[in-house]
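First up is the structure itself, then whatever we jot down about it.
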């Protein structure tokens, strides 16, 4: 292997460690590279990415100070690179700060404005994102990238008409726009005539990531037309491409690491002390993906006392560190510091935090250790609908369970087993059933707020008026009043799902018994 190949492999591993929060080991790897190759631009970029994401203040400050001495164009490039690293680690506020610094050097740079708009949206600053994109379109009204991002902004803030308009305009300007096709697919629009659908079907997919966007979008458009067989074929093609991405980049390691960590923690949590006094009393919304977690978050976010935090990665990252770090196993003091550092991320702000990371269903006992006053809202939905909704959704590649129906069923079984088992020391749990919520919203929302020790607020019934950005496939659905349109979605795909229905129905029976007991 050549030096350039070794460097590329080392960089890939370091960036993976950044993404899962293993900053100390990532910095050690950077130091090894520095000893071997000296201080190159590539190593400087990696050191900055690790230290900024990992909160290694002295190194981060040193890197930021050195950037100020660089040529302005190179400084802007480095800041944008660090911003992308922060975004990959889902630290969007840091990404936004860095992008703002990069933009200050070139306020009218369209590429900087587009990145700034993206991080603004991911940080919940829809107005800033819209302003930045408007500036791009004012200068370049036919910029297809700006129309693509406007379509995503409109989709995530629930403006379906604007999302459709900008997506169609992007396709006029750039007929092979996979982003625009994705928006139309996410909208599940029927406002596509046969010639346009045929044209969309001819959009090339030169790589697996393109095949993912193309397959899910076309599948959604065919499903909206009632052609379930063709839709399923496109979904299967997209999932195969997504599985190849996960395997090729090692992105499925995050999920496997969390599964191993959860299993390891169950045997060790009895030896771990809970944080004695923690004023934070967050609400954790958990369940299998596509079970109604985004809807529940949106309902809670309409309450004056609560603030939606999205799908935070802090607890899964902590679980992996506890399970894999010998230093944490041997030092209760260091472990308590790690737990306290996570707890502090849920404190302060303008309200009590709602974390809707679905995979936290594996970590209820750990939540009890870090947040003795937490509440768990556990979502249930017809597991046949959960299955097809996951298979038909462009979920992040590292969520490898969603790329085959066998793996989705395995994830569902893990969830059902966690409901049956219960974990000693877990916080109080409310089992909320999606179909019951749709059928009797006032009763179920009242039950939800009472469980969370909150007074009734009528705004929670009008959750769909909230314009905050939603970064999941449910962005438009949660801007609509509750309806039963998604209940029984699986029936259109019954012939395709037939090999798995017996298993899914048995799991449904187990889940029903677990939540009633």
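The values are calculated or read from the model by the stated rules, or taken from the named source; none is laboratory data. Every value quoted in this text rests on a predicted model; they were computed, and no experiment measured them. Note: ideal-geometry Cβ built from the backbone for every residue, glycine included; neighbour counts use all protein chains shown.
Values computed for the structure shown
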| read-out | value |
| --- | --- |
| Cβ-Cβ under 8 Å pairs, at least 6 apart or on other chains, region 502-513 side more than 15 Å from residue 408 (Cβ to Cβ), far side modelled with pLDDT of 95 or more | 510/416 |
| Residue satisfying condition, being surrounded by 15 or more Cβ atoms within 10 Å (Cβ to Cβ) and at pLDDT below 85, within set 457, 477, 426 | 477 |
| Subset of region 244-258 that is more than 24 Å from residue 341 (Cβ to Cβ) and surrounded by fewer than 18 Cβ atoms within 10 Å (Cβ to Cβ) - its residue that is modelled with the highest pLDDT | 244 |
| Residue 145 being at pLDDT 90 or above and surrounded by fewer than 24 Cβ atoms within 10 Å (Cβ to Cβ) | yes |
| Matching residues in region 150-175 - criterion: being at pLDDT below 85 and either in a loop (DSSP other than H, G, I, E, B) or under 24 Å from residue 226 (Cα atoms) (or both) | 157, 158 |
| From 195, 107, residue being under 26 Å from residue 87 (Cα atoms), free of Cβ contacts under 8 Å to residues at least 40 places away in the same chain and over 25 Å from the mean Cα position of the chain (by Cα) | 107 |
| Condition check for residue 74: at pLDDT below 90 and part of a helix (DSSP H, G or I) | yes |
| Subset of region 91-107 (residues that are more than 29 Å from residue 317 (Cα to Cα) and not in a helix (DSSP H, G or I)) | 106, 107 |
| Residue within region 90-101 that is more than 27 Å from the chain's Cα centre (by Cα), surrounded by fewer than 20 Cβ atoms within 10 Å (Cβ to Cβ), free of Cβ contacts under 8 Å to residues at least 40 places away in the same chain and closer than 30 Å to residue 148 by Cβ present | no |
| Test: residue in region 431-438 that is surrounded by fewer than 18 Cβ atoms within 10 Å (Cβ to Cβ), part of a helix (DSSP H, G or I) and at pLDDT 85 or above | yes |
| Residues being assigned to a helix (DSSP H, G or I) and within 25 Å of residue 309 (Cα to Cα) - total across region 108-140 | 18 |
| Residue under evaluation residue 390, criteria (1) under 26 Å from residue 501 (Cα atoms); (2) over 17 Å from the mean Cα position of the chain (by Cα); (3) surrounded by 23 or more Cβ atoms within 10 Å (Cβ to Cβ), criterion not met | (2) |
| Residues satisfying the stated conditions in region 375-406, i.e. part of a loop (DSSP other than H, G, I, E, B) and either at pLDDT below 95 or more than 17 Å from residue 286 (Cβ to Cβ) (or both) | 382, 392, 393, 394, 395, 396, 397, 398, 399, 404 |
| Residue within region 82-90 that is out of contact with any strand residue (DSSP E or B) (no Cβ under 9 Å at 6 or more places or on another chain), outside any helix (DSSP H, G or I) and within 17 Å of residue 51 (Cα to Cα) present | yes |
| Condition met for residue 167 (without any contact (Cβ under 8 Å) to a residue 24 or more places away in the chain, surrounded by 18 or more Cβ atoms within 10 Å (Cβ to Cβ), under 27 Å from residue 298 (Cβ atoms) and over 21 Å from the mean Cα position of the chain (by Cα)) | yes |
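Let's see how each residue does on (1) outside any helix (DSSP H, G or I); (2) modelled with pLDDT under 85; (3) surrounded by 19 or more Cβ atoms within 10 Å (Cβ to Cβ); (4) touching a helix residue (DSSP H, G or I) at 6+ places or on another chain (Cβ under 7 Å):
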| position | (1), (2), (3), (4) |
| --- | --- |
| 11 | no, no, no, yes |
| 19 | no, yes, yes, yes |
| 30 | no, no, yes, yes |
| 33 | no, no, yes, yes |
| 46 | no, no, yes, yes |
| 52 | no, no, yes, yes |
| 62 | no, no, no, no |
